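Worksheet for the structure shown next.
The values are calculated or read from the model by the stated rules, or taken from the named source; none is laboratory data. It should be emphasised that the depicted structure is a prediction, and the values quoted were computed from it without experimental measurement. Cβ placement follows ideal geometry from the backbone for every residue including glycine, while neighbour counts extend to all protein chains displayed.
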Amino acid sequence: MKYTYKFVTLPVRIGTKLSKHPNHPSYQDVINEHAKQGWRFVQLLIECPAAVPTEYVLIFEQPTEGLEPAAQEGSRPA
């Protein structure tokens, strides 16, 4: 079976604050929203330049046959 992968980047939360982006959803909300659209959560990577976590990269997969027309690789939340 062939799969399509989608990568969603979110800023890291620091305590109760968001680093630089106060209006971004939590990674939990993003995972749940993508699951409703038929995407399967695969992995969460933490980007750490200079040993300081700055972004989460959420990786989703979906069988190519079930891909929704609006699905784009490398998307970012609105």
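Please state which of the following conditions GLN43 fails to meet, knowing it meets all the rest: (1) at pLDDT below 90; (2) in a strand (DSSP E or B); (3) not hydroxyl-bearing (Ser, Thr, Tyr).
(1)
Does any residue of the range 18-34 turn out to be basic (Lys, Arg) and modelled with pLDDT of 90 or more?
no
Quick check, is GLY38 modelled with pLDDT of 75 or more, on the phi > 0 side of the Ramachandran plot and exposed (fewer than 15 other Cβ atoms within 10 Å of the Cβ)?
Yes; evaluated as a whole, the condition is true for this residue.
Any chance you could count how many residues in the range 25-60 are within 11 Å of the chain's Cα centre (by Cα) and either of a type in the set (Asp, Glu) or more than 30 Å from MET1 (Cα to Cα) (or both)?
The number of residues fulfilling the criteria is 5.
Pairs please, first residue from the range 44-64 and without any contact (Cβ under 8 Å) to a residue 40 or more places away in the chain, second anywhere and in a loop (DSSP other than H, G, I, E, B), Cβ atoms under 8 Å, 6+ apart in sequence or on different chains.
Once the first residue is without any contact (Cβ under 8 Å) to a residue 40 or more places away in the chain and sits in the range 44-64, its partners that are in a loop (DSSP other than H, G, I, E, B) give ILE46/VAL12; ILE46/PRO53; GLU47/PRO53; GLU47/THR54; CYS48/THR54.
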